[in-house]
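J.: Mind looking over this structure? Questions follow.
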Amino acid sequence: MKYAFFDAKPYDIPSFEKYGREKGIEFKFFETKLNHDTYSLATDCDGVCVFVNDTVDAFVIDKLYEMGIRAVALRCAGYNNVDVRHAFGKLHIFHVPAYSPYAVAEHAMALLLTSIRRIHKAYIRTKDFNFSLSGLTGFDLHGKTVGIVGTGRIGRVFADICKGFGMNILAYDKFPSEDSGLNYVSLGELFEQSDIISLHCPLTEETRHMIDADAIGKMKKGVVIINTSRGALIDAEALLAGIKSRKVGAACLDVYEEESDIFFEDFSGHIMDDDTLARLISMPNVIVTSHQAFLTEEALNNIAETTVGNILEFSEKGYCENELCYRCGKTESCKAARKKCF
């Protein structure tokens, strides 16, 4: 069994080679992303393995289907880059619904602490033997109110971390977890009352630009916004305007709306064409990391093991418990059906 592995990075290969070898799956690793120009690299393969910035739109789906490919293995949880509706009846799409939630939650807290305690600035200063404390004053997390948008596994782990700092926690989720013990409020209340807002929800048409100019207008002056989920949850132009007006005190971003052609690549020494991202990075109260929240040894191992398991299960049964399908007007998991959808 052979899978074309797109957008391969050095840190991906060892774990996928290990689990693939154990299960008889050969991965052909390609550095390039899957898109309109590269789909043909999957010729003679049984399926493709893709990541968050690969393009799996109607055009690519049709081309893969014409090539005889029937499976797309996502090595991530989100699937907003996949046209699941168009894939129905053609390609089987399966994802990794959960890997180490600690990886992402801990990165969110690392970004927050780095920002509010000015650790990134202190690091640069002391490298130049500048030990002045001027301009490095931060604030305590203890007693502050954090609003957590999305209370899945990652959101709940982040809430536990915040509890350890003695923070007051507000939560919003379209489908509240009754056994979480969290204090759920409306999204409007969360925006109005939170000193810090952290996003841990998927990107859908409903959540796209959840944080826009109107939302920022409801927030406290000096609010800190953290996003380790999907870039398009935030209207980047509105965020930039909020920072320039001093309404937003700081932004900690591991994702960006237009990241697909930028993140995971080295553009040092090049002129940045994306003016919005360039302006955000230039702000002294903005920290940007390049979608690295998932990047721990534990998470990489979880992702590879689950992805290989998905491929093997689909090969043996014709369906996969982690399959995504478009059915009855909505996207849902095939786990409950435990059968082929087509």
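The values are calculated or read from the model by the stated rules, or taken from the named source; none is laboratory data. In this text the structure is predicted, and so the values were computed from the model without any measurement. Cβ placement follows ideal geometry from the backbone for every residue including glycine, while neighbour counts extend to all protein chains displayed. Heavy atoms of the whole protein, side chains included, go into the accessibility calculation; ligands, DNA and RNA do not. Shrake-Rupley method; radii C 1.70, N 1.55, O 1.52, S 1.80 Å.
J.: How long are the three semi-axes of the equivalent ellipsoid of segment 108-204, in whole Å, if each is the root of 5 times an eigenvalue of the C-alpha gyration tensor, listed from largest down?
T.: Its equivalent ellipsoid spans semi-axes of 31, 13, 11 Å.
J.: Could you tell me what percent of the DSSP beta bridges with both partners in the chain are antiparallel, to the nearest 5?
T.: 15
J.: Which one, Ser290, Asn310, Leu182, is farthest towards the positive end of the dipole of the chain when Lys and Arg carry +1 and Asp and Glu -1 on their Cβ?
T.: Farthest towards the positive end: Leu182.
J.: On a 0 to 90 degree scale, rounded to 10, what angle separates helix 153-164 from the longest Cα axis of the chain?
T.: 30
J.: Add -39500 (n - 2.57) for each DSSP H run of 4 or more in the chain, then divide by its residues: what number comes out at 222 nm, to the nearest 500 deg cm²/dmol?
T.: Counting only the DSSP helices, I get -9500 deg cm²/dmol.
J.: Determine the alpha carbon to alpha carbon distance for each of Lys2/Lys90; Lys127/Lys221; Lys23/Lys174 and list only those over 29 Å.
T.: Lys127/Lys221; Lys23/Lys174
J.: Next question. Considering only protein heavy atoms and a probe of 1.4 Å, how much of the accessible area of segment 128-231 is carbon and sulfur, as a whole percent?
T.: 52
J.: Which label belongs to the value computed from this structure, given these candidates for Cα extents along the principal axes in Å: [x] 73, 49, 32; [y] 54, 43, 41; [z] 62, 49, 34?
T.: It is the value labelled [z].
J.: Apply 1/(1 + (r/R0)^6) to the Cβ-Cβ distance of Phe139 and Asp57, taking R0 = 41 Å, and write down the FRET efficiency to the nearest 0.05.
T.: 0.40
J.: Here is a further query. Mind checking the dipole of the chain: about its Cα centre, +1 per Lys or Arg Cβ, -1 per Asp or Glu Cβ, Debye to the nearest 20?
T.: 800
J.: What residue among Ser40, Leu64, His120 has its Cα farthest toward the positive end of the dipole of segment 1-123, where the charges are +1 on Lys, Arg and -1 on Asp, Glu, each on the Cβ?
T.: His120
J.: Any idea what angle helix 101-116 forms with the longest principal axis of the chain, computed on alpha-carbon atoms, 0 to 90 degrees, nearest 10?
T.: The answer is roughly 30 degrees.
J.: Need the C-alpha centroid separation for segment 75-134 versus segment 183-225, integer Å.
T.: Here the answer is 18 Å between Cα centres.
J.: Heavy-atom accessible area per residue, the chain, 1.4 Å probe: how many Å²?
T.: The answer is 48 Å² per residue.
J.: Right, next: Give me the percent of accessible area attributable to carbon and sulfur for segment 1-102, probe 1.4 angstrom.
T.: 48
J.: Could the peptides 108-120, 149-161 be put in order, highest first, of the mean number of other beta-carbon atoms found within 10 Å of their residues?
T.: Those peptides, ordered most packed to least, come out 149-161, 108-120.
J.: Moving on to the next point. Among the aspartates and glutamates, which fall within straight-line cross-link reach of Lys144, defined as a Cα-Cα distance under 16 Å, with same-chain neighbours fewer than 8 residues apart omitted?
T.: Counting by Cα, and skipping residues close in sequence, Lys144 has these aspartates and glutamates nearby: Asp160, Glu189, Glu192, Asp195.
J.: Still on this model: Which value, in debye to the nearest 20, describes the size of the charge dipole of segment 112-220 about its Cα centre when Lys and Arg Cβ atoms bear +1, Asp and Glu Cβ atoms bear -1, and nothing else is charged?
T.: Here the size comes out at about 660 debye.
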